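Trainee: Quick one: the structure is below, questions incoming.
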Amino acid sequence: MSDTKQIKCARCKVTLEGPTDAKGQDVFACPICGNADNLENIHRELANYMQEHAATSLQNSMRKSFANNKFIKYKPGIIHKRTYRFMVDLDF
Ligand SMILES: [Zn+2]
C-alpha cells in the first residue's frame, strides 16, 4: 500500500497531511484535530481496519444468502469492533 492520499482521520473524515514521498517514520497528521502517527503505525492500524471491514461484509453477505434457507441457519461469529484512529475508503 503506497498510496497515502487515501488515509483519513477516522474522527474527522478528512485526508491526513504528510510528506508526498513518505517513508515508514514520516508522520501524517489530521489538519483538524491533530491526530497523528508515523506511516508505519498507520499502515499497521489500517491493516486491522481492512481485515475487520472484510470480515463484516463477508458476514453480511452470508447472512443475506442464508436468510431464506430453512435448512441452514447461519450463525455469524463475533467480530471484535475496535475504535480506529485512522481509516481508508473501501469498496467491498
Ligand atoms: Zn481528525
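Each reported figure results from applying straightforward, stated rules to the coordinates on display, with no laboratory input. Since the structure is predicted, the reported quantities are computational estimates derived from the model, not experimental observations. Cβ atoms come from the backbone with ideal geometry, glycine included; neighbour counts cover every protein chain shown.
Trainee: Hey, any hits in the stretch 43-54 for a residue that's of a type outside the set (D, E, K, R) and within 16 Å of the ligand (Cβ to nearest atom)? Explain how you work it out, then say what you get.
Mentor: Filtering the stretch 43-54 down to residues of a type outside the set (D, E, K, R) leaves 43, 46-51, 53-54.
Adding the requirement that they be within 16 Å of the ligand (Cβ to nearest atom) leaves 46, 49.
Taking every residue of the stretch 43-54 in turn, at least one turns out to be of a type outside the set (D, E, K, R) and within 16 Å of the ligand (Cβ to nearest atom).
Trainee: Mind listing whichever residues of the stretch 6-42 are more than 15 Å from the ligand (Cβ to nearest atom) and basic (Lys, Arg)?
Mentor: Result: Lys23, single match.
Trainee: Those residues that are free of Cβ contacts under 8 Å to residues at least 24 places away in the same chain, of a type outside the set (Val, Ile, Thr) and over 11 Å from Phe86 (Cβ atoms), I need them from the stretch 14-35; list them, please. If you could, list the steps in order and put the result at the bottom.
Mentor: Here is the first cut: in the stretch 14-35, the residues free of Cβ contacts under 8 Å to residues at least 24 places away in the same chain are 14-15, 17-27, 29-32, 34.
Now restrict to residues that are of a type outside the set (Val, Ile, Thr): 17-19, 21-26, 29-31, 34.
Scanning the stretch 14-35 gives Glu17, Gly18, Pro19, Asp21, Ala22, Lys23, Gly24, Gln25, Asp26, Pro31, Gly34.
Trainee: Going by what's in this entry, would Asn38 be described as under 19 Å from the mean Cα position of the chain (by Cα) and free of Cβ contacts under 8 Å to residues at least 24 places away in the same chain?
Mentor: Details: under 19 Å from the mean Cα position of the chain (by Cα): yes; free of Cβ contacts under 8 Å to residues at least 24 places away in the same chain: yes.
Answer is yes for this residue.
Trainee: Return the only residue of Lys81, Lys8, Lys64 being without any contact (Cβ under 8 Å) to a residue 12 or more places away in the chain and out of contact with any Asp or Glu (no Cβ under 6 Å at 6 or more places or on another chain). Walk me through how you get there before you give the answer.
Mentor: Details: Lys81 fails: without any contact (Cβ under 8 Å) to a residue 12 or more places away in the chain; Lys8 fails: without any contact (Cβ under 8 Å) to a residue 12 or more places away in the chain.
Answer to the check: Lys64.
Trainee: From the list Asp21, Asp37, which one is exposed (fewer than 12 other Cβ atoms within 10 Å of the Cβ) and charged (D, E, K, R)?
Mentor: Values: Asp37 fails: exposed (fewer than 12 other Cβ atoms within 10 Å of the Cβ).
Residue meeting the stated conditions: Asp21.
Trainee: Filter the stretch 40-92 down to the residues that are acidic (Asp, Glu) and surrounded by 14 or more Cβ atoms within 10 Å (Cβ to Cβ) and list them by number.
Mentor: Keep residues of the stretch 40-92 that are acidic (Asp, Glu), which gives 40, 45, 52, 89, 91.
Result: Glu45, Glu52.
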